[in-house]
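To start, the structure under review is shown below, and the notes come after it.
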Amino acid sequence: MDDLGPTSHRFTSQRLALNYVDWGNPNAPVLVLVHGGQDHARNWDWVAKALRHEWYVICPDLRGHGDSAWSPDGSYSMPLYVADLAQLIHQCSDREVSIVAHSLGGAIALRYAGIQPERVRRLAVVEGLGISPIEHKPATPVAERWATWIEERRALSARTPRRYVTLEQAYARMHKENPHLSNARAQHLTIHGTNRNEDGTFSWKFDNYVRSALPIGITDDELHELWHNIDCPVWLVHGADSWAQHPGEDGRASHFKRATITSYERAGHWVHHDRHDSFVADLKAFL
């Protein structure tokens, strides 16, 4: 079993054909691993391999990412991501699920757990709380936000996927963006994160429009209300070398009923890679 990788499957959400990978063991408790922005499901391969014997591990590619379809109108707002996750869980299991989620995936999973707390048994969030309140900038007038968004979308319409002449060039970009990664992991993530173009070059799989968030959203109070709705234990994971603020020091952890925090030294934003062995051991204990 250890020599076999996952199988890929399709499901439909809001008329989009989305992909997820299934690591087998369907009679075990369900564990959903949700990746971050501009990423893909195979980012979780090492964690999935460590947990596949005790859990039924499924890993979605978010819309516009990995092997999932791109939205025809470039729609990548948070409610759509949450609805996609809800559809995957609805389709794959009628039982409680546990979720491990990173970055954007963490934001999605937290909202899902706040909306349907009865469906979530455990929730581990790796750097997925968003911008800290101590980093918030003054609110921008709504007209200015919308005007900026329109210009941003117009600019994205002229942007074509970057092409790398060789896979090694794409790998170098991956490693530069995530210097904590080992060479082997950077190569693995690049192989699964790129497509080969007809002219022989390579491009990242994600849609450039995922960079553009709609100029609407929920307030901090509404977000904190969702966090407070979560009934299950929540594990907040922080990388001490990351750009993200410690959720226990800026007050965000206080909005959860049952939250614990672990901050890992010598780890950046991708804690599950940078401190893999420690992270997996702690995750197993939490789950």
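The values are calculated or read from the model by the stated rules, or taken from the named source; none is laboratory data. As the structure is a prediction and not an experimental result, all values here were calculated from the model. For neighbour counting, all protein chains shown are included, and Cβ atoms are generated from backbone atoms with ideal geometry for every residue, glycine included.
Here are some notes:
- Within segment 193-207, restricting attention to residues that are surrounded by fewer than 19 Cβ atoms within 10 Å (Cβ to Cβ) and not basic (Lys, Arg), the residue that is farthest from the chain's Cα centre (by Cα) is ASP199.
- Looking only at segment 248-271, residues that are in contact (Cβ under 8 Å) with a residue 12 or more places away in the chain and either within 18 Å of the chain's Cα centre (by Cα) or not in a loop (DSSP other than H, G, I, E, B) (or both) come to 14 in all.
- Residue list for segment 236-254, filter: out of contact with any Asp or Glu (no Cβ under 8 Å at 6 or more places or on another chain), surrounded by 15 or more Cβ atoms within 10 Å (Cβ to Cβ) and either among the β-branched types (Val, Ile, Thr) or more than 30 Å from GLU152 (Cβ to Cβ) (or both): LEU236, HIS246, GLY248, ALA253
- Only strands (runs of 3 or more DSSP E) whose full extent lies in segment 1-53 are considered here, and the ones with at least 2 residues that are among the hydrophobic types (A, V, I, L, M, F, W, C) are 16-22, 30-34.
- Condition check for ILE230: buried (at least 20 other Cβ atoms within 10 Å of the Cβ), farther than 29 Å from ILE150 by Cα, touching a residue at least 12 places away in the same chain (Cβ under 8 Å) and of a type outside the set (S, T, N, Q): yes
- Looking only at residues in segment 1-44 that are acidic (Asp, Glu) and either free of Cβ contacts under 8 Å to residues at least 60 places away in the same chain or in contact with a Pro (Cβ under 8 Å, 6 or more places away or on another chain) (or both), the one that is nearest to MET78 (Cα to Cα) is ASP22.
- Within segment 192-213, no residue that is closer than 10 Å to GLY64 by Cα sits with its Cβ atom under 7 Å from a residue that is surrounded by 18 or more Cβ atoms within 10 Å (Cβ to Cβ) and among the aliphatic types (A, V, I, L, M) at 6+ positions apart or across chains.
- The one condition in (1) surrounded by 15 or more Cβ atoms within 10 Å (Cβ to Cβ); (2) at pLDDT below 95 that THR219 fails to fulfil: (1)
- Selection count where residues are assigned to a loop (DSSP other than H, G, I, E, B), under 13 Å from VAL125 (Cβ atoms) and either touching a Phe, Trp or Tyr at 6+ places or on another chain (Cβ under 7 Å) or among the hydroxyl-bearing types (Ser, Thr, Tyr) (or both), scope segment 230-241: 1
- Identity of the residue in segment 112-135, closer than 17 Å to LEU31 by Cβ and in a helix (DSSP H, G or I), that ends up farthest from the chain's Cα centre (by Cα): ARG119
- Single residue of ALA17, ALA48 found to be in contact with a strand residue (DSSP E or B) (Cβ under 9 Å, 6 or more places away or on another chain) and either surrounded by fewer than 18 Cβ atoms within 10 Å (Cβ to Cβ) or at pLDDT below 95 (or both): ALA17
- For segment 58-74, a residue qualifies if it is on the phi < 0 side of the Ramachandran plot, in contact (Cβ under 8 Å) with a residue 40 or more places away in the chain and either in a loop (DSSP other than H, G, I, E, B) or over 14 Å from the mean Cα position of the chain (by Cα) (or both), and the qualifying residues are ASP61, LEU62, ARG63, HIS65, ASP67, SER68, ALA69, TRP70, SER71.
- Of all residues in segment 132-159, exactly one satisfies the criterion of being over 18 Å from ALA213 (Cβ atoms), exposed (fewer than 11 other Cβ atoms within 10 Å of the Cβ) and touching a residue at least 24 places away in the same chain (Cβ under 8 Å), namely ILE134.
- Only listed residue being in a helix (DSSP H, G or I), out of contact with any strand residue (DSSP E or B) (no Cβ under 8 Å at 6 or more places or on another chain), of a type in the set (Gly, Ala, Ser) and at pLDDT below 95, chosen from ALA139, ALA143, ALA86: ALA143
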